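Read the structure below first, then the notes.
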Amino acid sequence: MIPLKPVSAQRKVALGLAFFVLFVAAWSLATFGGFVSKTFLADPITMVKEGYALFAQHGFAKDVGITIWRVVGGFVLAAALAVPLGIAMGAYKPIEAFFEPFVSFARYLPASAFIPLLILWAGIGEMQKLLVIFIGSFFQIVLMVAVSVGATRRDLIEAAYTLGADARGVVRRVMLPNSSPAIAESLRLVLGWAWTYVIVAELIGASSGIGHMITDSQALLNTGQIIFGIIVIGIIGLISDFLFKWANHALFPWSLA
Amino acid sequence: MRIVAGLDTPTVGRVLLDGIPVVGPGADRGMVFQSYTLFPWLNVKENICFGLREKREPQTQQDEIAAHYVAKVGLASFEHHYPKMLSGGMQQRTAIARALANDPKILLLDEPFGALDNQTRGLMQELLLSIWESERKTVLFVTHDIEEAIFMANRVVVMTARPGRVKTDVPIPLSHPRHYTVKTSPEFSELKRRLTEEIRSEVLKVAALV
C-alpha cells in the first residue's frame, strides 16, 4: 500500500461492504457457535425476526416517526437561533466577546444531565424532548458557526472593501457565502450528536419513540429488539448524513470543483 | 500601497486622491493583490460584477461591462468557470478585470504577477500594458522585478530599505506602444543597469553586509 494513493470507486464500495460482512460473520460465529449466551446477545436471524415483528405487530414505524420528528424539530429550532447568533459572533468581535465565554461554558454542560430538570419544568411531553436536543445542539452550533465565519480569509474581505463594499456588504456578500459550506458541515456533525441526545431523552420518561422501545425490550430481556433498534438508529443516521452531503454538493459546487 | 488603498492608516502624513484625503478603502481605488483573491463561490463573470452589484448598477449595464472586460483579458469562453478551475494567470487576469470594471480613478497593483511562472508573467505584462495603452488609467504598481518595472512603467520610484522612503524617481522614456522586444534594446539595458545599482545598495544594507 502506498500512502494517500486513491482506490477505485468499485474497490472502495467492495472494501466498505467487506467490513459489514466480516462484522456479521463474527457476530454469527459468537452467537450460533454458542460462545455467548442468548440472554445477552441475540443472533442475527433472531434480530431480523424481532425487527420484523416490531414493525408488523408493535407499530414500530410510529416510534421511528416520532423519534425522527423530535430530532428534526429540536435540531431545526436550535439551528434557526444558533446560526444567526454564530454569524453575528463570528463577524463582530464585541458580540463575540459578550457571548463567547458563556457559550463555551454552556457547551460542556451535558444535555443528558438536564433531563431531570427539564422533566420538572416541562413534564414528560414533547417539549421536554425538544429541549434536550435544543440544549445539546444550540451551543455547539453557535461556536462552530462563529469559528467558521471568523476564519474568513482577510484578503477576500480586503478585496471586497477595495471594490466598494461596506461593512454590511462584507458580512452578507463575503463572510456568509464563504463560510456556508463550513456551516453546513457543522450542522451535519451536530445532527449526528442530536441523535444520541434523543435516545437518551427517550430512555428516561417517554411513552413512545425508539429509545422507549429499547427500554421496554430491556425489561423483557429481548436483546434482538434492542440491537434492531440500535441498528435502525444507525441506518437513519446514515441516511440523514447522506442527504446532508448530497445537499452540500448540490448547493456549493464551487467548494469542490 | 495598503495605505493608499485605505486598508492601513498612516502614523504620520496623509494620502490625497484628486485633492481628497483617503480615509478608508473605496471603489475609487481598485486593487489587485499578490495572493489570489477572487471570490471562490462566484464565477468569473460574477466576480467581475461584484463591485457593480455593490453600486446597484442595472443588470443590463453589468452584463455589458462584464462582457467588455472579460474579452479584454481574453477570458470570453471562461465566463462561467469558478476560480478553482482557472490557472493562476487566468485568476489574476480576472482580478484585473474585476478592478477595472469598477472604473476606479487609480489602479493599485501589489506584485500581481509575483506568484506566476516567468513565461506567464511576461505575457501578463504585455496584456496589462496593452490594456493600459487603451484605457490610460493611472496605475501604481509594486514589484521586486526590475525588468518588469522598466517594461511596464513611465516612472520607476525606488524605495529605500527600512525605513521605506523614496530614494530616486527615474523617468522611463521608452515610447508606447511597447513591444516585448524592447527588453533587449540598449536604452532598456542602460535603465536596468542604473536601477540595479540603486537597489543593490539597499539590498546590501538589509543583508547587513556593508
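Before moving on, here are some points about what is shown:
Let's see how each residue does on (1) in contact (Cβ under 8 Å) with a residue 12 or more places away in the chain; (2) within 13 Å of another protein chain (Cβ to nearest Cβ); (3) in a helix (DSSP H, G or I); (4) of a type in the set (Gly, Ala, Ser):
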{"site": "A:Ser179", "(1), (2), (3), (4)": "yes, yes, yes, yes"}
{"site": "A:Trp195", "(1), (2), (3), (4)": "yes, no, yes, no"}
{"site": "A:Gly237", "(1), (2), (3), (4)": "yes, no, yes, yes"}
{"site": "A:Leu243", "(1), (2), (3), (4)": "no, no, yes, no"}
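- For region B:25-74, a residue qualifies if it is assigned to a helix (DSSP H, G or I), within 12 Å of chain A (Cβ to nearest Cβ) and not small (Gly, Ala, Ser), and the qualifying residues are B:Val44, B:Glu46, B:Asn47, B:Ile48, B:Phe50, B:Leu52, B:Arg53, B:Glu54.
- Every condition in (1) touching an Asp or Glu at 6+ places or on another chain (Cβ under 9 Å); (2) assigned by TED's automatic domain parsing to the domain that holds B:Leu42 is met by B:Leu116 except one, and the failing one is (1).
- Candidate set: region A:183-207, residues that are among the polar types (S, T, N, Q) and at pLDDT below 90; chosen: the one surrounded by the fewest Cβ atoms within 10 Å (Cβ to Cβ): A:Ser207
- A count restricted to region A:137-155 and to residues that are in contact (Cβ under 8 Å) with a residue 24 or more places away in the chain and facing chain B (nearest Cβ under 10 Å) stands at 1.
- Scan region A:181-193 for residues that are within 14 Å of chain B (Cβ to nearest Cβ) and among the acidic types (Asp, Glu) and the total you get is 0.
- Matching residues, region A:156-177, being within 7 Å of chain B (Cβ to nearest Cβ), part of a helix (DSSP H, G or I), more than 30 Å from A:Ile68 (Cα to Cα) and free of Cβ contacts under 8 Å to residues at least 12 places away in the same chain: A:Glu158, A:Ala159, A:Tyr161, A:Thr162, A:Gly169
- Residue selected from region B:76-92 under the condition within 11 Å of chain A (Cβ to nearest Cβ) and touching a residue at least 40 places away in the same chain (Cβ under 8 Å), by the criterion surrounded by the fewest Cβ atoms within 10 Å (Cβ to Cβ): B:Lys84
- Of the residues examined, A:Gln140 is not one that is under 17 Å from A:Gly211 (Cβ atoms) and either among the β-branched types (Val, Ile, Thr) or in a helix (DSSP H, G or I) (or both).
- Residues satisfying the stated conditions in region B:172-183, i.e. part of a loop (DSSP other than H, G, I, E, B) and surrounded by 13 or more Cβ atoms within 10 Å (Cβ to Cβ): B:Ile172, B:Leu174, B:Arg178
- Against the conditions (1) away from chain A (no Cβ under 13 Å); (2) within 25 Å of A:Arg154 (Cβ to Cβ); (3) touching a residue at least 60 places away in the same chain (Cβ under 8 Å), B:Thr9 satisfies every one except (3).
- Some residue of region B:94-116 being modelled with pLDDT under 90, at negative phi and not small (Gly, Ala, Ser): yes
- Test for B:Leu128: is it more than 30 Å from B:Lys55 (Cβ to Cβ), surrounded by 15 or more Cβ atoms within 10 Å (Cβ to Cβ) and either modelled with pLDDT of 90 or more or more than 14 Å from chain A (Cβ to nearest Cβ) (or both): no
- With respect to the stated conditions, B:Ala149 fails to be without any contact (Cβ under 8 Å) to a residue 40 or more places away in the chain and among the small types (Gly, Ala, Ser).
- In region B:95-106, the count of residues that are small (Gly, Ala, Ser), out of contact with any Pro (no Cβ under 8 Å at 6 or more places or on another chain) and over 26 Å from B:Thr138 (Cβ atoms) is zero.
- Test: residue in region B:149-160 that is closer than 21 Å to B:Asn47 by Cβ, within 15 Å of the chain's Cα centre (by Cα) and modelled with pLDDT of 90 or more: no
- Matching entry among A:Met175, A:Met213 (being over 30 Å from A:Ile157 (Cβ atoms) and at pLDDT 90 or above): A:Met213
The values are calculated or read from the model by the stated rules, or taken from the named source; none is laboratory data. If you're wondering where the values come from, they're calculated on a predicted model, not measured in any experiment. Cβ sites come from the backbone with ideal geometry, for glycine too, and all protein chains shown count toward neighbours.
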